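The values are calculated or read from the model by the stated rules, or taken from the named source; none is laboratory data. Just so it is clear, the structure is predicted and the values come from calculations on it, not from any experiment. Cβ placement follows ideal geometry from the backbone for every residue including glycine, while neighbour counts extend to all protein chains displayed. Note: accessible area is taken over every heavy atom of the protein model, side chains too, but ligands, DNA and RNA are not part of it. Shrake-Rupley method; radii C 1.70, N 1.55, O 1.52, S 1.80 Å.
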Number of protein chains: 2
Amino acid sequence: MKAGVLGSGMVGQAISARLAELGHDVMIGTRDPNKLNEWHSAHQDIKIGSFAGAAAHGEIIFNATNGAGSLEALRMAGESNLNGKVLVDISEPLDFSNGMPPSLFVSNTDSLGEQIQRAFPNVRVVKTLNTITANVMVYPQRIANGDHQVFISGNDAGAKAQVVDILKSFGWLHILDLGDLTTARATEMYIAIWLRLWGAVGTGMFNIKIMK
Amino acid sequence: MKAGVLGSGMVGQAISARLAELGHDVMIGTRDPNKLNEWHSAHQDIKIGSFAGAAAHGEIIFNATNGAGSLEALRMAGESNLNGKVLVDISEPLDFSNGMPPSLFVSNTDSLGEQIQRAFPNVRVVKTLNTITANVMVYPQRIANGDHQVFISGNDAGAKAQVVDILKSFGWLHILDLGDLTTARATEMYIAIWLRLWGAVGTGMFNIKIMK
């Protein structure tokens, strides 16, 4: 599979490296290729390009840009490079302008996932992986042998099925479909308690399991 | 212990019945005593009164009113009946005006718990139990033998310690102190994913466990 990963922070690096490890042909898109020099020396099988280059390369696209810059990054990626493709949206609408912990710049009656879907109506947006830290996203079995949940939200059943397969290949055992993309409001708002749990638990290497 | 429970819905009934079962002297406060006639016949050891009556009765107060009416209910309870006491705030800022599922009328950079604390600065507000359904609040061991978390938020360490003891008496095994009352934003925003999980899981009888 040819994958384009937008964003070169911790999440973009983790997703790119894991996809490459699984044998996929990955291009990571960044505004600043120089910042990836050291990382690239350890990941020479991964191509480095612009946002537009990575979006053109990928049959499937991962949005791992920071939330405040996601819509601009996707515009730079180019609608024509995105249309018809599955966009795995991992971004969080974090707003650091009110101090720490961050608040959300969109929430409650809308979400960043929905904003992206409205801005790019012919892209098949699937929100997922936005409820755990980067390392857990791609190696879920490093925590409790994978006995915890990841969530997916999206309007396109076929796109969600494709994303479920990718999540399974990462090692996810419990993938819970919450419904259409309005349910991204819920997983994005969950970041508020995730940040507090991070503080209370003392590590980002955790996730939640649903107990019945 | 003398407890005053404000609110006669499912949560107020569950909290009152459980406290009485544990031997406490409980008065439930309501705007409409008649609505409790049938329930009261099965719980004759529980006194029924007004919000002010229940607040005056209690050494500790539980706010189990619906969120949209909580500030008004507490004003009716009377500041002088509340001052200096621990107020266990279980309310949720649910806004049904945008349809289902409900959104929140305060969130992100403020919370209902904080609004209550600001309105009643001499009350010792502890937010807790607002992340599970009423039955799980008071009988946590009915799910997975109690192997899941409840959260507490508040500015007063002594008040939180008192509430921890009550939660333990209900059967809670894992009580996680998230910090000061600003952390109530996180647990109140969690209701968004709780509502979606309710839909996806098919029952309200669930909770989350933190897996590390």
Checklist entry - Zone of B:Arg118 (label point 7 Å along Cα→Cβ, backbone N under 18 Å): which residues in the range B:171-198? => result B:180-189
Checklist outcome for this item: From DSSP H assignment alone, runs of 4+ in the protein assembly as shown each adding -39500 (n - 2.57), the sum over residues rounded to the nearest 500 puts [θ] at 222 nm at -11500 deg cm²/dmol
Checklist entry - Can you list, shortest first in nanometers, how far A:Glu59 lies from the same residue in the other copies, with each label 7 Å from Cα toward Cβ? => result 7.0
Item to check | Residue among B:Gly171, B:Gly69, B:Gly29 with the largest mean-square fluctuation in a Gaussian network model of chain B, springs linking Cα atoms under 10 Å | outcome: B:Gly69
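Note the per residue figure in Å³ for the convex hull of the C-alpha positions in the range A:1-64. Show your work: numbers first, answer last.
Details: hull volume 3.9 nm³, N = 64.
Per residue, the Cα convex hull of the range A:1-64 comes to 61 Å³.
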Checklist entry - Chains A and B: what accessible area do they bury, summed, in square angstrom to the nearest 100, with a 1.4 Å probe? => result 2900
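For the full complex of protein chains and a 1.4 angstrom probe, list A:Leu181, A:Leu195 by accessible area with the highest value first. Mind dumping the intermediate values first?
Numbers: A:Leu181 5, A:Leu195 30 Å².
Descending accessible area places them as A:Leu195, A:Leu181.
Explain nothing, just the number: relative contact order of chain B, from Cα pairs under 8 Å at least 6 residues apart, as a whole percent. List each step's numbers first, then the result.
Numbers: 421 pairs, mean separation 37.1, N = 212.
17 percent.
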Item to check | Computed P(r) (all Cα pairs; the protein assembly as shown; 10 Å bins; percent) | outcome: 5, 21, 29, 21, 13, 8, 3, 0
Checklist outcome for this item: Here the correct list, in nm and shortest first, of distances from A:Asp147 to the same site in the other copies, label points 7 Å along Cα→Cβ, is 0.6
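Classify the range B:92-199 as rounded, prolate or oblate from the Cα gyration tensor: take a ≥ b ≥ c as the square roots of its eigenvalues, call it rounded if a/c is under 1.5, otherwise prolate when a/b beats b/c and oblate if not. Walk me through the intermediate numbers first.
Details: a/c = 2.25, a/b = 1.07, b/c = 2.10.
Oblate shape, in that a/c is at least 1.5 and b/c is the bigger or equal ratio.
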Checklist outcome for this item: Regression test value, accessible area per residue of chain B, probe 1.4 Å, units Å², expected 38
Next on the checklist: Just to be sure I understand: of the beta bridges DSSP finds with both ends in chain A, what percent are antiparallel, rounded to 5?
Outcome noted: 15
Checklist entry - Taking amide hydrogens as modeled 1.01 Å from N in the peptide plane, which residues meet the under 5 Å criterion relative to A:Asp95, leaving out close sequence neighbours? => result A:Ser103, A:Leu104, A:Phe105
Checklist outcome for this item: Taking Lys and Arg as +1 and Asp and Glu as -1, residues besides B:Ala161 with C-beta under 14 Å from its C-beta add up to 0
Item to check | the range B:144-204 versus the range A:1-47: alpha-carbon centroid distance in Å | outcome: 39
Checklist entry - How big is the Kirkwood radius of the range B:97-154, worked out from every pair of different alpha carbons and given in Å to one decimal? => result 13.7
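Report the net charge of residues surrounding A:Gln117, where surrounding means a beta-carbon distance below 12 angstrom and charges are Lys +1, Arg +1, Asp -1, Glu -1.
Details: positive: A:Arg118, A:Arg124, A:Lys127; negative: A:Asp89, A:Asp110, A:Glu114, A:Asp156, A:Asp180.
Overall, the nearby charge balance is -2.
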Checklist outcome for this item: The summed charge of the A:Ile61 Cβ neighbourhood (under 11 Å; Lys/Arg +1, Asp/Glu -1) stands at +1
Checklist outcome for this item: Quick note, the range A:1-129: a/c under 1.5 would make it rounded; otherwise a/b > b/c is prolate and the rest oblate (a ≥ b ≥ c, C-alpha gyration tensor); here it is oblate
Checklist outcome for this item: Out of B:Val123, B:Ser107, B:Phe96 - ranked by how far each Cα lies towards the positive end of the dipole of the range B:66-165, with unit charges on the beta-carbon of charged residues - the top one is B:Val123
